[in-house]
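For reference, the structure discussed in these notes is given below.
Nothing in this text is a laboratory measurement; each read-out follows from the coordinates by a stated rule. It should be emphasised that the depicted structure is a prediction, and the values quoted were computed from it without experimental measurement. Here Cβ is always computed from backbone atoms with ideal geometry, including for glycine, and neighbour counts include all displayed protein chains.
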Amino acid sequence: MTSLPDEILALLHAIAPDVDPRTVDRAKPLPDQLDLDSMDYQNLLAAIATRFHVELAAADIPGLRSIDDLAAYVTARGSAASARSA
């Protein structure tokens with residue numbers, strides 16, 4: 001079974017093929033370790049929203065800097081969405 005951070009890394013690799021997911025430090029902010037432009041990052045956020053059916057609030061985006069941040073956000077938002085639809 002693939003973990004959520006691994007799925008996010010796969011999305012990142014699809015957007016930025018030069019990024020080797022095995023070398024990304026999941027806890028470290030992506031801008032500190034990768035040469036992603038703002039369009040790549042926006043594409044990653046859009047891919048995450050689509051893939052995991054979560055809405056990323058504009059106010060929350062500045063805090064979503066690492067793979068761990070993104071995974072925690074998706075988990076929290078996914079749990080909240082599931083609770084609302086139950």
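Here are some notes:
- Where a label projected 7 Å from the Cα of Gln33 along Cα→Cβ would reach, residues of segment 59-78 with amide N under 15 Å: 65-72
- Helix runs (DSSP H) in the chain reaching 20 Å along axis by Cα, Kyte-Doolittle at least 0.0: 38-52, 67-85
- Note on the chain: Kirkwood hydrodynamic radius from all Cα pairs is 13.2 Å, rounded to one decimal.
- When the charge dipole of the chain is built from unit charges on Cβ atoms (+1 for Lys and Arg, -1 for Asp and Glu) and taken about the Cα centre, the candidate among Ala76, Ile48, Leu30 whose Cα reaches farthest toward its positive end is Ala76.
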